[in-house]
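None of the figures in this text is laboratory data; all of them are computed from the coordinates on show. If you're wondering where the values come from, they're calculated on a predicted model, not measured in any experiment. Cβ placement follows ideal geometry from the backbone for every residue including glycine, while neighbour counts extend to all protein chains displayed.
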Amino acid sequence: MKKIISTSKAPSAIGPYNQGTSFGDLLFLSGQIPLIAETMELVEGDIKVQTKQVMENLKAVLEEGGSSFENVLKTTCYLSDMDNFAAFNEVYAQYFDGETAPARATVAVKTLPKNVLVEVDAIAFKN
């Protein structure tokens, strides 16, 4: 049975979706952008600052779903500019061990919600 994952420690959905859903032992996390949960304002800063906020938002949803970064199976990373790839990776690598990092796709897109620089979604399993 599908279960909705929701936490006040991550930004609330800004459209007709949920922060995440679970089915059995799998978690499906919606894309996170660099919104601050408490204010729903965008974090100010470059790709590194925005990526850190995105990853912290994902962490909050993972924890609410009974999981962690260690259990992430796949991420999809959306960048507004592939020139930000190296700087994005610097921050992303702080959340995943290189030997157990998840599968990943990274794509450059024309625009992202609220004109942010980065968005990341994830699939994980529960602890």
Worksheet entry | When residues of the range 100-127 are limited to those that are more than 16 Å from S30 (Cα to Cα) and small (G, A, S), the one surrounded by the fewest Cβ atoms within 10 Å (Cβ to Cβ) | A103
Practice prompt. Give the residue that is surrounded by the most Cβ atoms within 10 Å (Cβ to Cβ), with candidates limited to residues of the range 47-72 that are more than 13 Å from L35 (Cα to Cα) and among the charged types (D, E, K, R).
Written response: E64
Worksheet item: Looking only at the range 1-34, which residues are in a loop (DSSP other than H, G, I, E, B) and either more than 20 Å from N115 (Cα to Cα) or more than 14 Å from the chain's Cα centre (by Cα) (or both)?
Response: M1, S6, T7, S8, K9, I14, G15, P16, Y17, N18, G24, D25
Discussion item. Quick check on my filter: what residues within the range 1-60 are of a type in the set (S, T, Y), over 17 Å from C77 (Cβ atoms) and in contact (Cβ under 8 Å) with a residue 24 or more places away in the chain?
Written reply: S6, T7, S8, S12, S22
Worksheet, complete the sentence: The number of residues in the range 94-105 that are part of a loop (DSSP other than H, G, I, E, B) and either more than 11 Å from F69 (Cα to Cα) or of a type outside the set (G, A, S) (or both) is 8
